[in-house]
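Only one structure is covered here, and it is reproduced in the block below.
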Amino acid sequence: MIRKLYYTPSTRPGGRLPHVWLQAGTDTVSTLDICSAEQLTLIVGISGEPWIRAAEKTAADLGVRLSTRSVGYRQLYDDVCGDWGRISGIGDGGCLLVRPDRHIAWRSAQLPDDPAAELRRVIRQVLALSHPAT
């Protein structure tokens, strides 16, 4: 019996971040190269400003290093061919939390009502941080 295996790029949590070519100014870069090898990276869509603010606040509050990257049409990392939009699994207001080993730690398809609270909860879980006493 012959089995054929096919790679299907996906951003499901637990999987490896898929490679997609993006445009950064005049340079072509891979999604794999925009993520930090030393800290968590939050990749946001074109309506990701609330996530970026949430990431800054969460990083300061929890004392963690967290970088952000805006990916999409006419963003810092421009998805000129639309490949990222097709495989990312997130909408314009969604985000991906990527570990330093380039694996997806968490994905939000859309923007929740309170992105800072959601991101804080997720980072505590991902990094196994203890919750403060209430």
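Quick one: would you say Thr31 is buried (at least 20 other Cβ atoms within 10 Å of the Cβ), without any contact (Cβ under 8 Å) to a residue 60 or more places away in the chain, in contact with a Pro (Cβ under 8 Å, 6 or more places away or on another chain) and not hydrophobic (A, V, I, L, M, F, W, C)?
Judged against the criteria, Thr31 is a match.
What number of residues within the stretch 90-104 are closer than 14 Å to Ser10 by Cα and surrounded by 16 or more Cβ atoms within 10 Å (Cβ to Cβ)?
7
Return the residues of the stretch 1-24 that are hydroxyl-bearing (Ser, Thr, Tyr) and surrounded by 15 or more Cβ atoms within 10 Å (Cβ to Cβ); say none if nothing qualifies.
The first filter runs over the stretch 1-24 and keeps only residues hydroxyl-bearing (Ser, Thr, Tyr), leaving 6-8, 10-11.
If the condition is that a residue be hydroxyl-bearing (Ser, Thr, Tyr) and surrounded by 15 or more Cβ atoms within 10 Å (Cβ to Cβ), then Ser10, Thr11 are the ones that fit.
Out of Thr58, Thr26, Thr8, report the one residue that is polar (S, T, N, Q) and closer than 20 Å to Glu118 by Cα. Reasoning before the result, please.
Numbers: Thr26 fails: closer than 20 Å to Glu118 by Cα; Thr8 fails: closer than 20 Å to Glu118 by Cα.
After ruling out the rest, the residue left standing is Thr58.
Going residue by residue through the stretch 61-77, is there one that turns out to be of a type outside the set (S, T, N, Q), part of a loop (DSSP other than H, G, I, E, B), under 11 Å from the mean Cα position of the chain (by Cα) and at pLDDT 95 or above?
Checked against the condition, which is being of a type outside the set (S, T, N, Q), part of a loop (DSSP other than H, G, I, E, B), under 11 Å from the mean Cα position of the chain (by Cα) and at pLDDT 95 or above, the stretch 61-77 yields no hits at all.
For the stretch 92-120, what are the residues that are part of a strand (DSSP E or B) and without any contact (Cβ under 8 Å) to a residue 12 or more places away in the chain?
none
Checking Ile123 against (1) at pLDDT below 95; (2) of a type in the set (Val, Ile, Thr); (3) closer than 20 Å to Arg16 by Cα, only one condition comes out false. Which one?
Here Ile123 clears every test but (1).
Based on this model, can you work out whether Ala59 counts as more than 22 Å from Tyr7 (Cα to Cα), surrounded by fewer than 14 Cβ atoms within 10 Å (Cβ to Cβ) and not polar (S, T, N, Q)?
It is false that Ala59 is more than 22 Å from Tyr7 (Cα to Cα), surrounded by fewer than 14 Cβ atoms within 10 Å (Cβ to Cβ) and not polar (S, T, N, Q).
The values are calculated or read from the model by the stated rules, or taken from the named source; none is laboratory data. Bear in mind that the values here come from a model prediction, so they are computed numbers and not experimental data. All Cβ positions, glycine included, derive from the backbone under ideal geometry; neighbour counts span all protein chains shown.
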